[in-house]
Amino acid sequence: SVLADLEFTCYRGNPEIETGSPATTWQDILLDPVPEAPKGWIKLAYDRLSEILAYTVGKTPPPLVTPQVDTNGLVAIPASMPSLYRMPVRLRTALRSTGRYPLERIAKMGINTAATEDGIFHFWFHPGDFYTDADFTSLERILAHLDTQRQDGQVQIETMADIAARIK
């Protein structure tokens, strides 16, 4: 693989679900009459809206993940949460004004889960996801919460390379 050839040790991988056959959901049934071309966009829009709603008002924390070594010897570390900073700025602003900003809320839920359960909470983002001062303020609050948990001995902070070295 290109990454292995370039001496990478890890990447943000997608979790593989091995069920033998794909599950049929009500979304599949509803989308059955829709032509193939727009099906992907409709499902993507639904999935994104569902994530926003679940993480805005839901009580289920994002998952802790288990890294796996792939066939090229690289460590795939799945994401624990979507990059909700990619939401439109106006929507982020509106959600912040209600006190229910999804990214900050679910990041803290994930950190708290990692403090009490065995697993990895993989908090990730792209630097380009930050557009406003409020985005950076939100990130600072998440990092302050993480630092408090670390100082209390509840969590260990590792880079992806640290995790890869420990897994291999």
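The values are calculated or read from the model by the stated rules, or taken from the named source; none is laboratory data. All of these numbers come straight from a predicted model, not from anything done at the bench. Because the Cβ atoms are built from the backbone with ideal geometry, glycine has one as well, and the counts that use them run over all protein chains shown. SASA here: full protein model, heavy atoms, side chains in, ligands and nucleic acids out. Shrake-Rupley method; radii C 1.70, N 1.55, O 1.52, S 1.80 Å.
Quick notes on this structure:
- Restricting attention to segment 105-118, the residues that are farther than 15 Å from Gln149 by Cα and either of a type in the set (Gly, Ala, Ser) or open to solvent by less than 40 Å² (accessible area, probe 1.4 Å) (or both) add up to 1.
- Counting the residues of segment 113-168 that are basic (Lys, Arg) and within 16 Å of Ala79 (Cβ to Cβ) gives 0.
- Cross-chain or 6+ apart pairs with Cβ under 8 Å, segment 131-147 first and within 16 Å of Ile157 (Cα to Cα), then open to solvent by 50 Å² or more (accessible area, probe 1.4 Å) and assigned to a helix (DSSP H, G or I): Ile142/Lys108; His145/Lys108
- Take the conditions (1) surrounded by fewer than 17 Cβ atoms within 10 Å (Cβ to Cβ); (2) modelled with pLDDT under 70; (3) assigned to a loop (DSSP other than H, G, I, E, B); Pro82 misses just one of them, which is (1).
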